[in-house]
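The values are calculated or read from the model by the stated rules, or taken from the named source; none is laboratory data. As the structure is a computational prediction, the values presented were derived from the model and not from experiment. Cβ placement follows ideal geometry from the backbone for every residue including glycine, while neighbour counts extend to all protein chains displayed.
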2 protein chains.
Amino acid sequence: MLLKDNAAIEVTALQWVPPFAQGMVKDLRVRWALEEAGLDYRVRLLAGQRPAEYRQDQPFDQVPCFNDGKVQIFESGAILQYIGEQSEALLPRDQLGKFRAIQWMFAALNSIEPFIQFRALLGGPFSDQEWAKPATPTFDHYAQLRLGQLSERLGEKEWLEASRFTVGDLMMVMVLRIAENSGQLADFDNLAAFVKRGEARPAFRQALADHMAAFEQHQPEGVAA
Amino acid sequence: MLLKDNAAIEVTALQWVPPFAQGMVKDLRVRWALEEAGLDYRVRLLAGQRPAEYRQDQPFDQVPCFNDGKVQIFESGAILQYIGEQSEALLPRDQLGKFRAIQWMFAALNSIEPFIQFRALLGGPFSDQEWAKPATPTFDHYAQLRLGQLSERLGEKEWLEASRFTVGDLMMVMVLRIAENSGQLADFDNLAAFVKRGEARPAFRQALADHMAAFEQHQPEGVAA
């Protein structure tokens, strides 16, 4: 438990989101990385309606933002890399190892997430739109293609660069959880097992518990948990 | 002109693509960064049908891959950052400046590109699908929302972090060119001007000329240029 009121590191998160989004909001990526790195942090919880000035910290009005008094940034990929540079547990120190880990973060966020995210939206928030059903085969094709290529590359390895966990695995596990939650990993047992290995890490479990605790505390009256 | 047959840095590119994709393939991002950094490089041109073993270098069967004999990586974001760490012209040396630049690369690739890319596909390769037209207002809404937020943040500044160009601007210009080519910047004069400032840089113009020269050289017989 690294949550400390007077910690130098501040991370923004949402005080409550509907149940389908709990466990999926991107502050969890940063909480997990901080737990792996063993860095104390505090959380600034934001209401669903953020104050207008928050856009000065985050132009897209999202969470998380990170601020340790020296570096203030948004984008979970950039934040994870900054944390990684402070902890060899997340980012190898040799140039090849470091940039392979960074490569997998970009792969997770640009070569995988967009395809599985839009596919998940078609079966979720967009599902009541008349075009969602006819569009599904096309989006499914591209999502399954990318997941198949990733599955082939992972093979029977424990982590993406074989034996050691990096911030690239952390980001890929977080992105693949979107696919798993929307039924897109059915044909890829090794990717599902990779997600489970990530979720079994003590740092993930602590981060998830802290992420969920805020929602319980701010549960709106009269809304199902 | 930094293209040298015996350069240590090798970048993969495609020997030919149809006219609509010329100037848009992602090796251009890397060529531009190398020109800004003043680093010699050579290009390994690949046919449309890549050899099966290329997937060992790039699991998604795309270009570019980067190899300087020390670090072999894919994902243009990771490659640009690696080049940036070798050139202060691209990546500031102070921690805040460095991570702000990295932040904008992730913003370009995860908060902007997916939305404008899918919107561009609906008006392009997907336009003959019956669901493309009814789906357009939804995709247009999200793409315009993100572009509007970015436009507000850029304001009248020359570059995203005010007065100096970084690898974050380079990536954002490259991503916004997708929006510009598909008519998505009509309401955002400052973003269109930002793209023009990027394209006016000598390093971009040299990189684009070299990128296009390969296509002219490998123009298939009987296909319009």
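Just a few scattered comments:
- Meets criteria (under 24 Å from A:Q81 (Cβ atoms) and not polar (S, T, N, Q)) for B:R29: yes
Condition check ((1) within 14 Å of chain A (Cβ to nearest Cβ); (2) buried (at least 18 other Cβ atoms within 10 Å of the Cβ); (3) out of contact with any strand residue (DSSP E or B) (no Cβ under 7 Å at 6 or more places or on another chain); (4) over 28 Å from B:G123 (Cβ atoms)) across all residues:
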site: B:L150; (1), (2), (3), (4): yes, yes, yes, no
site: B:M172; (1), (2), (3), (4): yes, yes, yes, no
site: B:N190; (1), (2), (3), (4): yes, no, yes, no
site: B:R205; (1), (2), (3), (4): no, no, yes, no
site: B:L208; (1), (2), (3), (4): no, no, yes, no
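- Residues that are part of a strand (DSSP E or B), more than 8 Å from every other protein chain (Cβ to nearest Cβ) and under 20 Å from B:I112 (Cβ atoms) within the stretch A:62-73 comprise A:C65, A:F66, listed in sequence order.
- Candidate set from the stretch B:51-61 (those that are in contact with a Leu (Cβ under 9 Å, 6 or more places away or on another chain) and in a loop (DSSP other than H, G, I, E, B)); member that is farthest from A:I112 (Cα to Cα): B:P59
- Selection status of A:R100, among the basic types (K, R), in a helix (DSSP H, G or I), touching a residue at least 60 places away in the same chain (Cβ under 8 Å) and more than 9 Å from chain B (Cβ to nearest Cβ): no
- Here B:A7, B:A89, B:A33, B:A13 are screened, and the one residue that is touching a residue at least 24 places away in the same chain (Cβ under 8 Å), closer than 20 Å to B:V173 by Cβ and in a loop (DSSP other than H, G, I, E, B) is B:A89.
- Set B:S163, B:S182: member being hydroxyl-bearing (S, T, Y) and modelled with pLDDT under 95: B:S163
- Failed item in (1) more than 18 Å from the chain's Cα centre (by Cα); (2) touching a residue at least 12 places away in the same chain (Cβ under 8 Å), with A:G84 passing the rest: (1)
- Among residues of the stretch B:52-71, those that are of a type in the set (S, T, N, Q) and under 17 Å from B:A33 (Cβ atoms), counted: 1
- So A:S76, is it within 13 Å of the chain's Cα centre (by Cα) and either more than 10 Å from every other protein chain (Cβ to nearest Cβ) or hydroxyl-bearing (S, T, Y) (or both): yes
- Residue count, the stretch A:54-111 (criterion: of a type in the set (F, W, Y) and either touching a Lys or Arg at 6+ places or on another chain (Cβ under 8 Å) or not assigned by TED's automatic domain parsing to the domain that holds A:S151 (or both)): 5
- Looking across the stretch A:113-140 at every residue that is touching a residue at least 60 places away in the same chain (Cβ under 8 Å) and at the interface with another protein chain (Cβ under 9 Å from one of its Cβ atoms), the one that is nearest to A:P18 (Cα to Cα) is identified as A:Q117.
- Condition check for A:R55: within 14 Å of chain B (Cβ to nearest Cβ) and farther than 21 Å from A:R177 by Cα: yes
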